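Notes to accompany the following structure.
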Amino acid sequence: MQGEAPLAVLGAGSWGTAVAVLLAGNGRPCLLWCRDPTHAADMAASRRNARYLGDIELPAGLTPTADLDHVLARARDLVLAIPSAGFPEFVEGLRGRLPDEARLAWLTKGLAHENADTLDRVVARVLGDDRPRAVISGPSFAAEVARGQPTAVTVASPDPAYAEMVAGWLRNAVFRVYTSDDMLGVELGGALKNVLAIAVGISDGLGYGANARAALITRGLAELMRLFEAAGARPETLMGLSGLGDLVLTCTDDQSRNRRLGLALGRGETLAAARRAIGQVVEGATTAEAVMRVAQRYGVELPICEQVYRVIHEGVPAPAAVQALLARDPRPELGASFAG
């Protein structure tokens, strides 16, 4: 619509680009910011993001740019697609630069590494608890969204009106959006599912088969349930798109970078080699340490996540980590907190 203030997506990786394509395709003018001026110029000239989604043409309403000041001056509504490792620093850099009416949503699935906070807590602490904010999460591979394949996600916000506003930008005939006010549950689900997907990838890389895969996904869901209960997140969120839905997607499809990292580690590749081959941020690897700090904070056992942490951060061989899980004492499957 002519004269309408643009939306802005900050971060031009595959997911940020896909959402910018979705927004512009829905008729909303959209600025897509990236740090690298050469990358922005290449996207503007070729009308493609050759680094991440080279087969997707950028809609006419999408404008790539590397000028963050220009973006902040023009857009009231920002959608952050910044990896979790850099998210707190990026948000800190926005302090004092945003107008009072600016609103933020984010696509990032992870935790702050310095203190293992949810990203909602980071935004509220740095930019103010009264600023409208939301997280967009759910089972959504970037390439499928950019190609217009059917997808469903959740938008969570403490402000129901803002959640519905963000959902309205995203919705179309094939992109279905639900809303929630359980930001804690949505963010915990998004963070842990990436770590659990590495575990499933390791198992598959070791050739352990479909039975082991199903067991790991189910017991991973139990770990999520225990953490949700201890942290005060809602169980119905766990069973929704940002919990079970995203867990199943990320654990079972090779489009998942987290699963691919696990597959490589299970096949005996080094962590450095696997990361180089993937060529993009693998959130589960960078989040595993923060997840263990959250588990300690709430006093819950997350044995699968713990073994992923040991493989990634302590260099434990993948077969040894699996054996450590198999050697755990037997216990009832069900009971208080879906006991570990």
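The values are calculated or read from the model by the stated rules, or taken from the named source; none is laboratory data. In this text the structure is predicted, and so the values were computed from the model without any measurement. Every residue, glycine as well, gets a Cβ built from its backbone with ideal geometry; the counts of neighbours run over all protein chains shown. All accessible areas refer to the heavy atoms of the entire protein, side chains included, with ligands and DNA or RNA removed. Shrake-Rupley method; radii C 1.70, N 1.55, O 1.52, S 1.80 Å.
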**Prompt:** surrounded by 24 or more Cβ atoms within 10 Å (Cβ to Cβ) and assigned by the TED database to the domain that holds A24, is that true of T154?
**Reply:** yes
**Prompt:** Assuming A212 fulfils every condition listed in (1) outside any helix (DSSP H, G or I); (2) assigned by the TED database to the domain that holds C305; (3) of a type outside the set (S, T, Y) apart from one, which condition is it?
**Reply:** (1)
**Message:** Please list, ordered by residue number, the helices (runs of 4 or more DSSP H) wholly in region 12-74 having 1 or more residues that are among the basic types (K, R) and either closer than 23 Å to G168 by Cβ or touching a Lys or Arg at 6+ places or on another chain (Cβ under 8 Å) (or both).
**Reply:** 68-74
**Request:** Would you mention how many residues in region 229-245 are touching a Gly at 6+ places or on another chain (Cβ under 6 Å) and either polar (S, T, N, Q) or open to solvent by less than 20 Å² (accessible area, probe 1.4 Å) (or both)?
**Result:** 4
**Prompt:** Just one of A215, A167 is open to solvent by 20 Å² or more (accessible area, probe 1.4 Å), of a type in the set (A, V, I, L, M) and without any contact (Cβ under 8 Å) to a residue 60 or more places away in the chain; which is it?
**Reply:** A215
**Asked** Given the structure, is P64 out of contact with any Pro (no Cβ under 8 Å at 6 or more places or on another chain) and surrounded by fewer than 18 Cβ atoms within 10 Å (Cβ to Cβ)?
**Response** no
**Prompt:** How about region 297-321: which of its residues are buried (at least 24 other Cβ atoms within 10 Å of the Cβ) and assigned to a loop (DSSP other than H, G, I, E, B)?
**Reply:** L302
**Request:** Please find, within region 77-96, the residue that is surrounded by the most Cβ atoms within 10 Å (Cβ to Cβ) out of those that are under 23 Å from the mean Cα position of the chain (by Cα) and small (G, A, S).
**Result:** A81
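Results for (1) touching a residue at least 60 places away in the same chain (Cβ under 8 Å); (2) under 26 Å from D182 (Cα atoms); (3) of a type outside the set (D, E); (4) open to solvent by 20 Å² or more (accessible area, probe 1.4 Å), shown as yes or no for each residue.
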residue	(1), (2), (3), (4)
A75	yes, no, yes, no
L98	no, yes, yes, yes
E101	no, yes, no, yes
G110	yes, yes, yes, no
H113	yes, yes, yes, yes
T118	yes, yes, yes, no
R131	no, yes, yes, yes
**Message:** It is to be established whether one or more residues within region 135-144 are over 17 Å from T108 (Cα atoms) and not in a loop (DSSP other than H, G, I, E, B).
**Reply:** yes
